[in-house]
Each structure stands twice: as C-alpha cells, then as structure tokens.
Amino acid sequence: MPNAPTFDDVWRMFQETDRKMQENARQMEETDRRLKEVTRQLGSHGNRLGEFVQEMVRPAVVRLFKSRNLPVHQVMPNVAAYDDDGRFVMEIDLLVINATTAIAVECKSKLTIEDVTEHLERLDRFKACFPQYGGYTLLGAVAGMVLPDDVGRHAYRRGLYVLAQSGDGVLLRNDGDFQPRAW
C-alpha cells in the first residue's frame, strides 16, 4: 500500500497547481489582448474599404443623378447627427443635395437586405435628425461594390436608387420607369 502524501507534498502540489493557473490566466490575458488588436485591425480595414466605396461613389453620383434630371450641387461625406446631449444619433455616408432635393446614400462593400432595411429606417428619421432639410424632398439610395441581384431588387421595390460597381465605375441599376420614394 503506497504511503499517503505528506503535508509538504500536498503543499507543493497546491503551489504547482496555483502556478499553472496563474500562467494560464496570463496566457488568457495575452490571447484576449491579441484578439482585441486583431478585431481593431479588422475594423480599421473595414472602415478603409467603406471609405474606398464612398470615394468610388462620390464622383459618380453627380453624373448619375444628373442623368435622372436631378442636378447635384453638393456631395457631403459622413454627415452625422447628434442629440441635445451630444450623443451620436445617425450618420449618412453621402448626402447629395441641390436646391430642393436631398439624397441620402448608404455605401457598403457588400450590400445586404439588412443594410437596406437599416437605411430605410434612417430615412424615416432623417428630417427629425437634420431639420435644416425639412423643406427638401428626401430620396434614398444604396451603393455597393458587391450587390446581389435580390438585394438590388429589394431596394428598387422600396423606392431606393441602386448604385453598383461595374468594371472601373459605378452605374445606376434603376431603369427609366423607376419612381423613387420621397420622404
């Protein structure tokens, strides 16, 4: 029959277990730190890709909306609204305006149905958040580098202009019969 461990043996096992647990905790903290850094870098790349899409779309909207008898006088990127307490409320990727019409454009690297739904919700709240455009006719548009056909059809049916990458440029997918929804 083996000898029972002594108090010193148990104490050494406890100390070794404690040391291993502390080392595991340090490794988990390091893993957490690295994961946060990778997440930050991915977010940064996502933001850069979004900026790239906006920069492709921004010069194209002048030409594309002019072809629909909507002259463009200004294109403003990243127009943000805040409440009275300074809390962020919403952001419009590109705000395209002339003397009577404002077009809020949502730009995505890959546009989804959820993106379209969220943009429609923003359009519903737009004039409350940007009261200076209360007298304007508000239209909406979505733009994507990757724009699946079903998403484009959904946006079209909801009254949004649909802009998509085509080769080196951007084209308007709405046909001549399209009637935009006004907010």
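The values are calculated or read from the model by the stated rules, or taken from the named source; none is laboratory data. Just so you know, these numbers come straight off a predicted model, no measurement behind them. Note that we place each Cβ from the backbone using ideal geometry, even for glycine, and neighbour counts take in every protein chain shown.
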* Structure fact -> Among strands (runs of 3 or more DSSP E) completely within the range 102-183, the ones holding 3 or more residues that are touching a Gly at 6+ places or on another chain (Cβ under 9 Å) are 137-146, 161-166
* Could you tell me whether any residue of the range 52-75 is farther than 20 Å from A143 by Cα and either at pLDDT 80 or above or surrounded by fewer than 14 Cβ atoms within 10 Å (Cβ to Cβ) (or both)? => no
* Asked: Being under 26 Å from G167 (Cβ atoms), at pLDDT 90 or above and either within 24 Å of the chain's Cα centre (by Cα) or surrounded by 13 or more Cβ atoms within 10 Å (Cβ to Cβ) (or both), is that true of even one residue in the range 26-48?
  -> no
* When you look at D175, is it acidic (D, E), buried (at least 16 other Cβ atoms within 10 Å of the Cβ) and more than 19 Å from V72 (Cα to Cα), yes or no? -> no
* When you go through (1) surrounded by 13 or more Cβ atoms within 10 Å (Cβ to Cβ); (2) under 13 Å from the mean Cα position of the chain (by Cα) one by one for A104, which number turns out not to apply? -> (2)
* Some residue of the range 80-92 being free of Cβ contacts under 8 Å to residues at least 24 places away in the same chain and part of a helix (DSSP H, G or I) -> no
* To do: List every residue pair whose Cβ atoms sit under 7 Å apart, with the two residues 6 or more apart in sequence or on different chains, where the first one lies in the range 51-75 and is within 24 Å of K110 (Cβ to Cβ) and the second, anywhere, is of a type in the set (D, E) and surrounded by 17 or more Cβ atoms within 10 Å (Cβ to Cβ).
  => Q54/D93
* Assuming A99 fulfils every condition listed in (1) part of a loop (DSSP other than H, G, I, E, B); (2) in contact with a Gly (Cβ under 7 Å, 6 or more places away or on another chain) apart from one, which condition is it? -> (2)
* **Residue that is nearest to the chain's Cα centre (by Cα), among those in the range 142-153 that are within 17 Å of A104 (Cα to Cα) and free of Cβ contacts under 8 Å to residues at least 60 places away in the same chain** => V142
* Asked: In the range 108-154, how many are crowded, with 21+ Cβ neighbours inside 10 Å and touching a His at 6+ places or on another chain (Cβ under 9 Å)?
  -> 4
* Note down all Cβ pairs under 7 Å where the first residue falls in the range 1-25 and is part of a helix (DSSP H, G or I), the second is at pLDDT below 85 and among the hydroxyl-bearing types (S, T, Y), and they're at least six residues apart or on different chains. => none
